[in-house]
Amino acid sequence: MDPFLTLLYSFSSSLSAGELRDLKFLCQDKIGKRKLESVQSGAELFNFLLEQQVISSHNVDFLKTMLMVIKREDLTTRLEHFVEEGEANVPDDQPDVNEKRLQKVAIEVICENVGRDWKMLMRKLGFSEVKMDRIIAANPLNLKEQLVQSLREWQKWKGKDAKHSSLQDQAIPLCETIGG
């Protein structure tokens, strides 16, 4: 299934009846009255918005606004994360297969050796504090997952410019400092 549709269905299942009513109200100028009256779930509402081309995986502004109006910051954050991942996955901007393989090996070695000082490494790689904070919030008790997700985000952010040599150049001195 399309990742965007999967996201919309997960949003739908977490909406209360009151939130659905509020979303329908916000869509009055986008969807006809009869269609809106027939809507019984978030999934149906999202399908109508997709049909009317009000929202799409590349145009989420209206969806984001609606989620903010009903004060569903959790869903807004998930949507923003989806957009960041989706926009970064442009095939022409990704490293070649060999570089990806080398990066994977480098990430495995880094994960084995960096530990609690992973933020220092990510800062050296130019990774933003805001993104690190989001990753920590999403994985509050899993240090290794925080590092793995940060490195994946760094790869997406850098695209073709993400090189295993950059990881090595920044991680090796850090590992030596940690190790003694």
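Points to keep in mind about this one:
- Model label points for Arg101 and Gln52, set 7 angstrom from Cα along the Cα-to-Cβ axis, are 5.1 nm apart.
- The calculated FRET efficiency for the pair Lys144 and Glu80, based on their C-beta separation and a Förster distance of 35 Å, comes to about 0.90.
- Answer label for Cα extents along the principal axes in Å (calculated), chosen among [x] 69, 34, 23; [y] 61, 27, 23; [z] 82, 33, 22: [x]
- The trypsin sites (Lys or Arg not before Pro) found in segment 1-83 that occupy coil by DSSP, while having at most 12 further C-beta atoms within 10 Å, are Lys71.
- Cross-link pairs beyond the 22 Å C-alpha cut-off, checked among Lys64/Lys158; Lys119/Lys156; Lys24/Lys131; Lys131/Lys160; Lys71/Lys144: Lys64/Lys158; Lys24/Lys131; Lys71/Lys144
- Note on the chain: with neighbouring protein chains present and a 1.4 Å probe, carbon and sulfur make up 51 percent of its accessible heavy-atom surface.
- A simple rule links phi to the HN-Hα coupling: the Karplus curve 6.51 cos²θ - 1.76 cosθ + 1.60 with θ = phi - 60°, which for segment 96-105 gives 6, 4, 5, 4, 4, 5, 5, 5, 4, 4 Hz, with x for Gly and Pro.
- Difference of contour (0.36 nm per residue) and Cα-Cα distance, Arg152 to Glu73: 26.1 nm
The values are calculated or read from the model by the stated rules, or taken from the named source; none is laboratory data. This one's a predicted model, so the numbers in the text were calculated from it and none came from an experiment. Positions of Cβ are generated from backbone atoms using ideal geometry, with glycine treated the same way; all protein chains shown enter the neighbour counts. The accessibility values were calculated without ligands, DNA or RNA, using every heavy atom of the protein model including side chains. Shrake-Rupley method; radii C 1.70, N 1.55, O 1.52, S 1.80 Å.
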